[in-house]
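Encoded as structure tokens, the structure appears first; notes follow it.
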Amino acid sequence: MPGLVLAGIKKTYGQVTAVDNIDLTFPKGKLTALLGPSGCGKTTLLRMIAGLEDPSRGTISLDGNDITEKPANRRKFGMVFQSFALFPHMSVAENVAYSLTIAGVDKATRRARAEELLDLVKMAGFEDRRIGQLSGGQRQRVAIARALAQKPDVFLLDEPMSALDAQLREAMQVELRLLQQKLDITTIVVTHDQREAMTMADQIVVMSNGRYEQIGSPSEIYHRPASAFVASFIGKANFLKGKAKDGGVDVSGFLFRPEPAASFLNGSAVQIACRPENVSLSSADEIGPNRLAGTVTFLRDIGPTREVYVETPVGTVICEMPASTETVFSQGETVSAEFPPHALRLFPDTDDVAGAQSRSDTGEGGGSIASNKQDVAA
Amino acid sequence: MSYPAAASDIQVGRADGKSASAFIKGLGLSNIVMGVITAVILFVFVAPFLLVLVVSFGEKIEGASWVWGFDFSNYIRVFVGVDWPNSVTLLYTLKLYYTLAYAVLGSLIAVGFAFPFTYFMTQGSRRSQAMWLVFVLASLSMSEVFVVMGWDILLSNRSGLPALLKAVGVTDWLKETGWLTVLRDWDLASPRNVKFKTSQLATVLTMAYLVWPYAVILLFAPLSRIDRSMIEAARTMGAGSVTVLRTIVFPAVRLPVFGSLLLLFVYLLGTYVTVTYFAEPAHQTLPVSIYESIRGATLNAPFGAAQAVILLITAGIFIGFSLLLARLAERKA
């Protein structure tokens, strides 16, 4: 099978396991984002792919060839580092052409290739500048051009946007994605920024504690999270804790019925995740399953959307609606929050939630977590 | 009445007393302490140099000491010999040449070995780095006399390296292949065996060994601070260890390397014991000659002082020229 394949990759440092038994395939010509919180092992995994770290166990193969033992300088993988790692004693063109220089390519060809790549990253005319004369965004473009100079088989980027300001980061995410599509090169991006991953990737690998939690397209990851961790790490989610009951979930006496019905044994601890944009608010007199009555405690407009915080008997629930919505709620107003059956995701209650910020238990077996993990890029 | 006048006098006296203490207070205690320290430093460092400079213009009295004077005969003697203009002798110019040559080569060899060693040392674990640093610092505690004694045994013809080479058959192989003749041309062999004593090679190697720990310590900090991601970036672009060292690490620390070279060069200019042990008299240096003039056989303090001043000025010119070249190179880069 073409592409980069990791089989049973494990990396330990003494007693600490940084990457634990990873099996992954990076499809040829696609951009894969390794997404996860700090310390989840994503950078270690990238460094093993680059040949900068040796796996403690497992194999790495490219297009069917085992490259596990191949040193970094013989893998022909281009890599962009978090700090860009440009050589300050060289000009922009010399940086870009470094791989060609040490390969013994003649000066004219090197210069032509450097100019071609700098043109590709919109840095034409900067060939003779010193690195110290460039801005953060320009440095990143030079680092990308330099990594592409040797026509790498795999293009690796370790948190490439982290040194850029928010506005530039947004623009560069789009540019990098367009560039990757233009070159049709197998690309792996390490990031802790879910917005960055969703913007650029064909495939996202969500990692936690040295393992991957889910692999899928950005849409799959967002709309059908495989675990409570993924649901909380990617975007925002309301979490409601309860007990499984006849295909539904009993949350402190309130019954929630998902579609399709839950397959948990009756009485087992379950948590429900529901995206804030799927929760709808209506007047308090509407009652029924999948509904919670509560009081509006906080409102905020965030550009195109409006968030309404509702204090319910099972904790705080966040509802997100378009800012253009005509219905206006006010603080202190009593409302009914509806959770559509198709938007409910059920997970075993293991407390495995990333970025949980508020929690209110409301009695035996019930409660909610409003996971408000903000987009890091915002 | 005289009373007001007397009172006025007393007031004036008090005012004078106040102004003196106010003056001292105005100067500030820290400024006074700093002034005293500066004066002591100037005296300790500048006075001996000025005395040597003045003595260098003095005149040696045969059978006695020397007298103050002001002529350049001692300086002329260093460059063209005592019999100039009747004849020209380059004896002391050659000594100056050997002084500079040994110092340049010694510092280059020391830094040349210390640079890769220190680089690979910084790539190791913290524990191994600490162990190496302890070893290097421990070797600094050895005096020049101790080091020379060790190298004297190592290079001695009967019990050192030449004896070992002979015992393992290398000497016979050198004879058979004709290399011993080549080594004899280089003054590194006798008709019977290789020899390192006396030789310029042994002199330079011992001098390099003397300052090698200093080179490691001087290079350790800049090499430790190198951004590792630059090295890794170079590796992902196809560079092997040596290429990384040559194209990334060395350019990144070229200024500390250059500074280390200059510092060790200046240090080696004054090497005495090593040269007297390992260099034959014709290849000895100006510091040996200076010592002989001042305390040794010739007892000619003005001539010794003139040699010292010339050595100092030459070193200054050397360093100044090197700094100029470095600045030009930086500007070009």
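The values are calculated or read from the model by the stated rules, or taken from the named source; none is laboratory data. None of the values given here were measured: they were computed from a predicted structure. Cβ coordinates were reconstructed from backbone atoms using ideal geometry, including for glycine residues, and neighbour counts include every protein chain displayed.
Here are the numbers:
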{"read-out": "A:Q133 vs. criteria facing another protein chain (nearest Cβ under 8 Å), surrounded by fewer than 17 Cβ atoms within 10 Å (Cβ to Cβ) and under 19 Å from A:L164 (Cβ atoms)", "value": "no"}
{"read-out": "Residue check for A:A261: touching a strand residue (DSSP E or B) at 6+ places or on another chain (Cβ under 9 Å), in the same structural domain as A:P341 (by TED's automatic domain parsing), surrounded by fewer than 16 Cβ atoms within 10 Å (Cβ to Cβ) and under 24 Å from A:S227 (Cα atoms)", "value": "yes"}
{"read-out": "Members of segment A:218-229 found to be of a type in the set (S, T, N, Q) and either farther than 25 Å from A:G8 by Cβ or within 11 Å of the chain's Cα centre (by Cα) (or both), listed by number", "value": "A:S219"}
{"read-out": "Matching residues, segment A:320-347, being assigned to a strand (DSSP E or B) and more than 25 Å from A:K245 (Cβ to Cβ)", "value": "A:E320, A:M321, A:P322, A:T334, A:V335"}
{"read-out": "Some residue of segment A:309-329 being more than 31 Å from the chain's Cα centre (by Cα) and at positive phi", "value": "no"}
{"read-out": "Sole residue being under 26 Å from A:F87 (Cα atoms), within 14 Å of chain B (Cβ to nearest Cβ) and not polar (S, T, N, Q), chosen from A:A145, A:A166, A:A171", "value": "A:A145"}
{"read-out": "Residue list for segment B:277-303, filter: more than 19 Å from the chain's Cα centre (by Cα), closer than 13 Å to B:N74 by Cβ and part of a helix (DSSP H, G or I)", "value": "B:S293, B:I294, B:A301, B:P302, B:F303"}
{"read-out": "In segment B:224-257, the residues that are under 15 Å from B:A114 (Cα atoms) and either surrounded by 15 or more Cβ atoms within 10 Å (Cβ to Cβ) or at the interface with chain A (Cβ under 7 Å from one of its Cβ atoms) (or both)", "value": "B:L245, B:V249, B:F250, B:V253, B:R254, B:P256, B:V257"}
{"read-out": "Unique match (being modelled with pLDDT under 90, surrounded by 20 or more Cβ atoms within 10 Å (Cβ to Cβ) and more than 30 Å from A:R57 (Cβ to Cβ)) among A:G242, A:G247, A:G235, A:G288", "value": "A:G235"}
{"read-out": "Long-range neighbours under 6 Å by Cβ, at least six apart or interchain, first residue in the same structural domain as A:A97 (by TED's automatic domain parsing) and among the aliphatic types (A, V, I, L, M) within segment A:126-137, second exposed (fewer than 14 other Cβ atoms within 10 Å of the Cβ) and outside any helix (DSSP H, G or I)", "value": "A:I131/A:P88"}
{"read-out": "Members of segment A:7-28 found to be out of contact with any helix residue (DSSP H, G or I) (no Cβ under 9 Å at 6 or more places or on another chain), touching a residue at least 40 places away in the same chain (Cβ under 8 Å) and within 18 Å of A:L156 (Cα to Cα), listed by number", "value": "A:P27, A:K28"}
{"read-out": "Segment B:258-276 - residue that is among the small types (G, A, S) and in a helix (DSSP H, G or I) and, of those, nearest to the other protein chains (Cβ to nearest Cβ)", "value": "B:G259"}
{"read-out": "Strands (runs of 3 or more DSSP E) within segment A:233-318 that include 2 or more residues farther than 27 Å from A:P37 by Cα and polar (S, T, N, Q)", "value": "A:280-283, A:291-302"}
{"read-out": "Residue count for segment B:21-63, restricted to those that are free of Cβ contacts under 8 Å to residues at least 12 places away in the same chain and not in a helix (DSSP H, G or I)", "value": "4"}
{"read-out": "Boolean, B:I109 is surrounded by 10 or more Cβ atoms within 10 Å (Cβ to Cβ), touching a residue at least 60 places away in the same chain (Cβ under 8 Å) and assigned to a helix (DSSP H, G or I)", "value": "yes"}
